[in-house]
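Only one structure is covered here, and it is reproduced in the block below.
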Amino acid sequence: MPAMDSSRFLFCLFPILFLMINQALGQVPGFLYHFCINENGNYTTNSTYQTNLNRLLSSLPSNENGNGYGFYNASYRLNSSNEHIYAIGLCRGDAKVENCRSCLNDSRYALPQLCPNKKEAIGWYDNCMLRYSNSSLYGVMETSPSFYKRNNNNISSSGQDGFNQELNKLLDSIRSEAAAGGSLRKFAFRNTSAPTFQRIFAFSQCTPDISEQECSDCLVAAFGYIPKCCDGKEGGRVYRPSCYFRFEVYRFIDPTTVTQLPSPPPITPPIQSPPPSTNTTNTSQGSKGGKSRTVIIIVVPIIASLVLVMFMGICLRVWKAKKKLQSNLILGEDADEIGNAESLQFNFDTIRIATDDFSEANKLGQGGFGSVYKGRLLNGQDIAVKRLSINSGQGDLEFKNEVLLVAKLQHRNLVRLLGFCLEGVERLLIYEFVPNASLDRIIFDPIKRAQLDWDRRYKIIVGITRGLIYLHEDSRLRIIHRDLKASNILIDEEMTPKISDFGMAKLFVVDQTQGNTSRIVGTYGYMAPEYAMHGHFSVKSDVYSFGVLILEMVSGQKNNSFHHGENVEDLLSFAWKCWREGTASNLIDPALTNGSRNEIMRCIHIGLLCVQENIADRPTMNVIVLMLNSYSVTLPVPSQPAFFRDSNVGSDMSLGWKNSSEVITTGSDQSKSSSIKASENEVSLITEVYPR
């Protein structure tokens, strides 16, 4: 093959090798943030549109599409169509040309992978931004979507006012300087002294295709986010499609890499062709020498680039290994059990923004392992965020349980896990938001429970039944919840119940019927006697808790403080006494003025069957659903419920009917000083005991 043909072959082969190496080494690094925009529709996989989009993005970082100062703009018209594809790339003003193009190359692989089939998307790295759409982008000032990040270090309170004054002056100066930058580059950076003996470094940048006034307006609006994102912080940044800025108390820009804007280019005289040579020998030698030099010029950079790509790949592998190690430290050997865990993992800043920095106004409640907050993602989806307490001794264990279990469980009567977050000491679980809060907020409220007629209560009972059948029988895992109670039943806008909080749950293998533990967890009043006294748990433990729930639904009162006239006693004692005396109707909530009395009485009967002391006498959830749905099923006569008065577990704990909101954990003294390995079919390890 002639030398020139060889060089052409290698030149054509390099992009293919680059793509293959990237695919072999894994995905490119993750964006600071990205948005997949739905307004402009989707394209079909392997369609002409996708082919042309990839072609456009691959050609974007070329000299033909760039202005020489980090701004790239290109478009592509689809064949036999008026539809176009537009793309814009903008590199930070101090990014070197090679770093800029490398960043845009990473972007063109990452963004279509993160936003599959979306016609419009935008993503930011530290050094560059890539944006594409089927609508024109050039010359259009866009302020959304946007996001911000901040330095978590605080400015001293004594110097905060002076710091803010100097920062405002600095930002105003770089705003006006960037806006006046012209059509090649709108970028400015400066630094100033702060009263706290610090220096503040800042830059601002706009896409150079917008006007001076538009750039100024865009930055002014971005500065307006500072009180929300970075007030009192040592650094922060706000990103918008048409502009962004950043400030820090350390130098993060290299001024020496900022290329000066050029003067007008000099007029170059036309190149004269040399006269023809009559020395054929010298011409031949010159031609050979020129070809050799061409081969060297092309091949050496290709080899160097391949070495650089391999080095980048090794770095990426190390980075991914660290990420996986962090997950494995929490999720252990079961990390792969989640499936594709990375697809469920949220960025901490995403959740922090969604919850308005975990503000008190968004706080839904406080539990033993942390707080729950309402949030809203940038796509408008409402979420509930469970933020595990940093100081919780059992936090990691319960976190592992919920991720491993709930990620695999999909049922309309189970709360849906959307994802999780692991970042530093933060442990977040992100669930679908259920607007009507938990069942205890309704059924035990004297005003709200009046709105809960019997049809709705019956629907909730049936829904909980179906959720438990799924956990016990129908899912590919057999799950024992172990903490079924009114506060762990969430109610959506259609009054559909959803079982939540799987931090205490246990996993059974298919043929297993019972498990044992020395670590007893749960809530007084809902725990089955065999579990509370001996640590034995099974599907019948959940059946017992379900029976208590049914009686609470019928009476509208808590199991530990049933009021009948001026008397206060526990619900199960009163229910059994009424049943035995033939006055079970005294148990019915006076607010239930409508509804089938036969159905209500049947539910009282089923509830008493569920709370029998003998485990074998309690029905399974499959039998219970038949009892609820068919009057042809004859119900057996219940035996006396289990009572725990004057019983003791451990050395210092009485299992009388105490406050039903009190969660207990107990074990021997030895379990407090050492870990005891659970049986192989349990999801978690039995560890030292802490109060919830």
* **Computed label-point distance, nm, for sites Asp356 and Gln160 using a 7 Å Cα→Cβ extension** => 1.8
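Figure the gain on full extension for Glu212 and Leu344 (residue separation times 0.36 nm, minus the Cα-Cα span) and round it to one decimal in nm.
43.3 nm
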* Asked: Full extension from Arg580 to Glu494: what is 0.36 nm times the residue separation minus their Cα-Cα distance, to one decimal in nm?
  -> 27.3 nm
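Any idea what the alpha-carbon Rg over 2.2 N^0.38 Å comes to for region 29-133? Walk me through the numbers before you get to the answer.
Values: Rg = 13.1 Å, N = 105, 2.2 N^0.38 = 12.9 Å.
For region 29-133, the normalised Cα radius of gyration is 1.02.
What number comes out for the charge environment of His481, summing +1 per Lys or Arg and -1 per Asp or Glu over other residues with Cβ under 9 Å away?
-1
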* Asked: Sorting Thr496, Thr355, Thr593 on the 10 Å Cβ count, fewest up front, what's the list?
  -> Thr593, Thr496, Thr355
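R0 = 41 Å: FRET efficiency of Asn168 with Asn38, Cβ-based, nearest 0.05?
On the way: r = 37 Å, r/R0 = 0.90.
Calculated transfer efficiency: 0.65.
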* **Sequence-separation-based contact order of region 156-257, relative, with Cα cut under 8 Å and 6+ spacing, percent** => 25
* **Charge tally in the Cβ shell below 13 Å around Leu219, where Lys, Arg are +1 and Asp, Glu are -1, Leu219 excluded** => 0
* **Residue order, fewest to most surrounding Cβ atoms within 10 angstrom, among His534, His411, His472** => His534, His411, His472
* Structure fact -> With R₀ set to 25 angstrom, the calculated FRET efficiency between the beta-carbons of Tyr250 and Val425, to the nearest 0.05, is 0.60
* On full extension of the chain, what length is gained from Phe311 through Ala221, given 0.36 nm per residue of separation minus the C-alpha to C-alpha distance? -> 28.3 nm
* What pairs in Lys228/Lys386; Lys448/Lys485; Lys498/Lys577; Lys118/Lys498 have C-alpha atoms more than 26 Å from each other? -> Lys498/Lys577; Lys118/Lys498
* Residues whose placed amide H lies under 5 Å from that of Lys186, excluding near-sequence neighbours -> Cys206
* Structure fact -> Quick shape summary for region 156-257, equivalent ellipsoid via Cα gyration tensor, semi-axes whole Å in descending order, reads 24, 15, 11
* Structure fact -> Under the 7 Å Cα-to-Cβ spin-label approximation, Lys448 and Leu184 lie apart by a distance in nanometres of 6.5
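Taken together, the values in this text are just the output of simple stated rules run on the coordinates, not laboratory data. None of these values were measured; they are calculated from a predicted model. Backbone-built Cβ (ideal geometry, glycine too); neighbour counts: all protein chains shown.
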